[in-house]
Amino acid sequence: MPKVIGVIQVKGGAGRSTVSTNLAGELSKLGKTILIDCDMPQGTSASWYAVRVQSGKKGGLTTDTASSHQELVTKVQEYSKADYIVLDGPPRIAELTRAILVLADLCLIPVGASAAEIWATNDLLALITAAKQVKAINARMVWTRYRPNTKLAQELSELATKELGLAALTTTLGMRVTYMQALGEGLTVAELADQSAKVEARSLVEEVKKLLKVKP
């Protein structure tokens, strides 16, 4: 059975597609990976994949789309022989978001380095609580556009702990132009020259594998 990773966030611009594309692109180097874009018709992840195919970097990655929770459930079942499935959720509370929570072995919640994004993420807590009535939910925050070793970073970490009570990944994604460049070029940041971004992308994959208990 594939390991399913959901990437959800109700606030647009928090970094869902950035996390989804980098994670899927790097996981595809380890096994057959499916990236399902649930944010249609915007389809940022699907567009990223189309550019990736043109660049010849497709590798072990396939993309698909889902416009409803029923369609998503069907698609996940169809890809039962994949190694990994990454679900890029919509920027709103919807049945798709609820379905992702239940389907995923691990849910990642990108949170940009601002108080507004922390407050917006608070809206997901009720969904997570409801989903826990169906199955155990493993949900983790992922800091994006993060500037470590700053007073703001410390203040935001404290606010997130107080407001959300969600554990965060040790891996953080910095405020780097490289992430936007990679998204536009159909690449992962690990495939570009920015060494700091490479470290972040590889650390993200390793931490996700560890949480999913994937054998080395």
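The values are calculated or read from the model by the stated rules, or taken from the named source; none is laboratory data. Keep in mind that this is a model prediction, so the values were computed, not measured. Positions of Cβ are generated from backbone atoms using ideal geometry, with glycine treated the same way; all protein chains shown enter the neighbour counts.
Brief remarks follow.
- Scanning region 159-171 for residues that are in contact with a helix residue (DSSP H, G or I) (Cβ under 7 Å, 6 or more places away or on another chain), over 13 Å from Lys198 (Cβ atoms) and among the polar types (S, T, N, Q) yields one hit, Thr170.
- When restricted to residues that are farther than 12 Å from Leu127 by Cβ, crowded, with 24+ Cβ neighbours inside 10 Å and in contact with a helix residue (DSSP H, G or I) (Cβ under 8 Å, 6 or more places away or on another chain), region 100-109 contains 1.
- Selection count, region 138-154, where residues are under 15 Å from the mean Cα position of the chain (by Cα) and either of a type in the set (A, V, I, L, M) or outside any loop (DSSP other than H, G, I, E, B) (or both): 6
- Condition met for Thr97 (polar (S, T, N, Q), in contact with a strand residue (DSSP E or B) (Cβ under 7 Å, 6 or more places away or on another chain) and surrounded by 14 or more Cβ atoms within 10 Å (Cβ to Cβ)): no
- Looking only at region 42-56, and only at residues there that are among the hydroxyl-bearing types (Ser, Thr, Tyr) and in a helix (DSSP H, G or I), the one that is surrounded by the most Cβ atoms within 10 Å (Cβ to Cβ): Ser45
- Checking each residue in region 110-119 for being modelled with pLDDT of 80 or more and surrounded by 15 or more Cβ atoms within 10 Å (Cβ to Cβ) picks out Pro110, Val111, Gly112, Glu117, Ile118.
- Residue within region 173-186 that is in contact with a strand residue (DSSP E or B) (Cβ under 6 Å, 6 or more places away or on another chain) and either under 19 Å from Gln9 (Cβ atoms) or in a helix (DSSP H, G or I) (or both) present: yes
- Considering (1) closer than 16 Å to Val10 by Cα; (2) surrounded by 13 or more Cβ atoms within 10 Å (Cβ to Cβ), the lone condition that Ala82 does not fulfil carries the number (1).
- Condition met for Arg140 (surrounded by 13 or more Cβ atoms within 10 Å (Cβ to Cβ), modelled with pLDDT under 90, charged (D, E, K, R) and closer than 19 Å to Gly15 by Cα): no
- Residue in region 8-29 that is in contact with a Ser or Thr (Cβ under 6 Å, 6 or more places away or on another chain), among the β-branched types (Val, Ile, Thr), crowded, with 24+ Cβ neighbours inside 10 Å and in a strand (DSSP E or B) present: no
- Residue in region 120-137 that is touching a Cys at 6+ places or on another chain (Cβ under 8 Å), among the aliphatic types (A, V, I, L, M) and assigned to a loop (DSSP other than H, G, I, E, B) present: yes
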